[in-house]
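The values are calculated or read from the model by the stated rules, or taken from the named source; none is laboratory data. Everything numeric here is computed off the predicted structure, so don't read it as measured data. FYI the Cβ positions are ideal-geometry reconstructions off the backbone, even for glycines, and counts take in every protein chain you see.
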């Protein structure tokens, strides 16, 4: 699928391109590579929210690609996750996962998240340049989700590497190989936990039941991979994007430094301003429909551009300005509808705790290089920096 926002200039700042697309209509038809088929980009807020909740837009990618002759060799546990299925299967899986992954558990995790954050900040070199991503934004959510799932410390670097490869825009065979490495690893970890049960989230998923229903082995592996990858990629990018946004808006940064108690209320605006998930995962139309005044035929791919929707001036006046008192709770950074991010409470807890700790301990933190020297990851779904050099 060809996306006009995936040029080098747009990777650095996609929002002018999003605005240009939206100015000619909130739903755009774009060519889909060599196949000649059209696909559709949704860039308007109202239309994105509607599309995210429309059951006529299916996420069953296995069905869509069944007769397309794809040469990809993604592991089924990665290709067919809970994100890539529709009700009633999705409803069943999410219900079983929710039993083990509740918002109440996040509250219990906060002291642990705080300890990990403080421990990482203890290593920061005062007066020296270092990488905010490598020294906080990457390890914090990796440690938290790995602890939650019961991934041994010795295996976490491999897990982090496979995850990064899955989200890259690199060679397809590298992505496919990473999917097998991740799924094979989780298969082995599940087997080990059956032999030696503990109290991790993965242990609870193994025993999760709804009456006589329980997760199959394939579903267990798929959910474990999804939670592991989604559990840190989004938070890593959100942390990096949030601090860059604050550096770009020094008045707002000063206000937050002086009033750290306002951090929880500021999170939604930070998430809206530069969404860590730029484009929602793949959907396709199961029947002809009209969205935003555009007629979409049946059987066409649809990409909902969350980053564009979150900058729609019809929903958020002056959308290119960071306004921490905006009250942006209606943002779509975590999606909307039945597929809204299950781990959103955990991500927000990690963001809040990390922001408060950094701004309290290092109020003088600054960007260490000109903004134009920053490199962005070449990936379609997520938006994040390769590195964020800072000084404290």
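Filtering the stretch 170-177 for residues that are under 19 Å from the mean Cα position of the chain (by Cα) and not in a helix (DSSP H, G or I) leaves a non-empty set. Answer yes if at least one residue in the stretch 294-309 is under 20 Å from residue 341 (Cβ atoms), part of a loop (DSSP other than H, G, I, E, B) and in contact (Cβ under 8 Å) with a residue 40 or more places away in the chain, and no otherwise. So far as the stretch 294-309 goes, yes, one or more of its residues are under 20 Å from residue 341 (Cβ atoms), part of a loop (DSSP other than H, G, I, E, B) and in contact (Cβ under 8 Å) with a residue 40 or more places away in the chain. Within the stretch 276-293, the set of residues being part of a loop (DSSP other than H, G, I, E, B) and touching a helix residue (DSSP H, G or I) at 6+ places or on another chain (Cβ under 7 Å) comprises 276, 278, 279, 280, 281, 282, 292. You will find that of 157, 148, the residue that is assigned to a helix (DSSP H, G or I) and surrounded by 13 or more Cβ atoms within 10 Å (Cβ to Cβ) is 148 and no other. The set of residues in the stretch 314-340 that are under 21 Å from residue 235 (Cβ atoms) and either exposed (fewer than 12 other Cβ atoms within 10 Å of the Cβ) or in contact with a helix residue (DSSP H, G or I) (Cβ under 7 Å, 6 or more places away or on another chain) (or both) comprises 322, 324, 328, 329, 331, 332, 333, 334, 335, 336, 339.
Cβ separations smaller than 6 Å between residues 6+ apart or across chains give the following pairs from the stretch 245-265 residues that are surrounded by 13 or more Cβ atoms within 10 Å (Cβ to Cβ) to residues that are at pLDDT 95 or above and outside any helix (DSSP H, G or I): 245/274; 245/322; 247/367; 249/322; 252/322; 252/324. Of the residues making up the stretch 97-115, those that are surrounded by 21 or more Cβ atoms within 10 Å (Cβ to Cβ) and either in a helix (DSSP H, G or I) or free of Cβ contacts under 8 Å to residues at least 12 places away in the same chain (or both) are 97, 113. Residue count for the stretch 341-385 under the criterion of being part of a loop (DSSP other than H, G, I, E, B) and either in contact (Cβ under 8 Å) with a residue 12 or more places away in the chain or over 30 Å from residue 9 (Cα atoms) (or both): the result is 18.
Condition check for residue 63 on (1) modelled with pLDDT of 90 or more; (2) in a helix (DSSP H, G or I); (3) touching a strand residue (DSSP E or B) at 6+ places or on another chain (Cβ under 9 Å): one failure, at (1).
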